[in-house]
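Engineer: Take a look at this one; I'll ask things after.
Since every read-out is calculated from the coordinates, none of them should be taken as a lab result. All figures in this text were calculated on a predicted structure; none of them were measured in a lab. Please note: Cβ atoms are built from the backbone with ideal geometry, for glycine as well, and neighbour counts cover all protein chains shown.
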Amino acid sequence: MRKFNVYATILMSGMIVPHLIAADCSNADLRGAYSFEASGTYGGVPFAAAGQTIYNGDGTAEGVIQASVGGAVFPVANWTATYSLSPMSIGGGQTVCVLKKEMTIPSYKELQLTFFGSAGADFKELRFIASKSNQASSLTVSGTARKQ
């Protein structure tokens, strides 16, 4: 009987946790400082970037970024963003927290990007991607941000 209770407890924990994660998926849950690194291509040329983000818990964020494109290093720049978090069912009774962030970097020619991402356990890590294309060039980004 004791083994049954242990197995039942483990099974119930697995069923309850995904629902708790879904319940903890609001803008207020993403708050604090995150350092990030990102890489990708801009107009077919490799780039890398690093910086810091402050999520305010109210759907707004700001931060700093420094990027290098094809070996040319750009100055550190401030940026602002709005974001939203929402739960998304991925099957098997599991739910993930999905991030959408609209970011503007004024000193990088008013560059605007829309990011899609997911939040790890307790929002300690974010993984993200972005893609933007126009007639002149294209940009593809992927990266990770970790809570400080």
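Engineer: First select every other residue whose beta carbon is under 11 angstrom from the beta carbon of Ala130; then total the charges, Lys and Arg +1, Asp and Glu -1.
Structural biologist: +2
Engineer: Sort the following peptides by mean Cβ neighbour count (other Cβ atoms within 10 Å, averaged over residues), highest first: 124-134, 59-69.
Structural biologist: Per-residue mean Cβ counts within 10 Å order the peptides as 59-69, 124-134.
Engineer: Would you please give the residues with an amide H less than 5 Å from that of Tyr108, counting only those at least 5 places away or on a separate chain, with H modeled from the backbone geometry?
Structural biologist: Placed amide hydrogens put nothing under 5 Å from Tyr108.
Engineer: Skipping prolines and chain starts, which residues have an amide H placed within reach, meaning under 5 Å, of the one on Phe74, given they are 5 or more residues away or on another chain?
Structural biologist: Ala67, Ser68, Val69
Engineer: From the backbone phi of the range 28-35, what are the Karplus-calculated ³J(HN,Hα) couplings (6.51 cos²θ - 1.76 cosθ + 1.60, θ = phi - 60°) in whole Hz, Gly and Pro given as x?
Structural biologist: 5, 6, 9, 8, x, 8, 10, 9
Engineer: Convert each backbone phi in the range 122-130 into a coupling constant with the Karplus relation 6.51 cos²θ - 1.76 cosθ + 1.60 (shift: θ = phi - 60°), then list the ³J(HN,Hα) values in order as whole Hz, x for Gly and Pro.
Structural biologist: My calculation for the range 122-130 gives 6, 6, 7, 9, 10, 10, 8, 9, 8 Hz in order.
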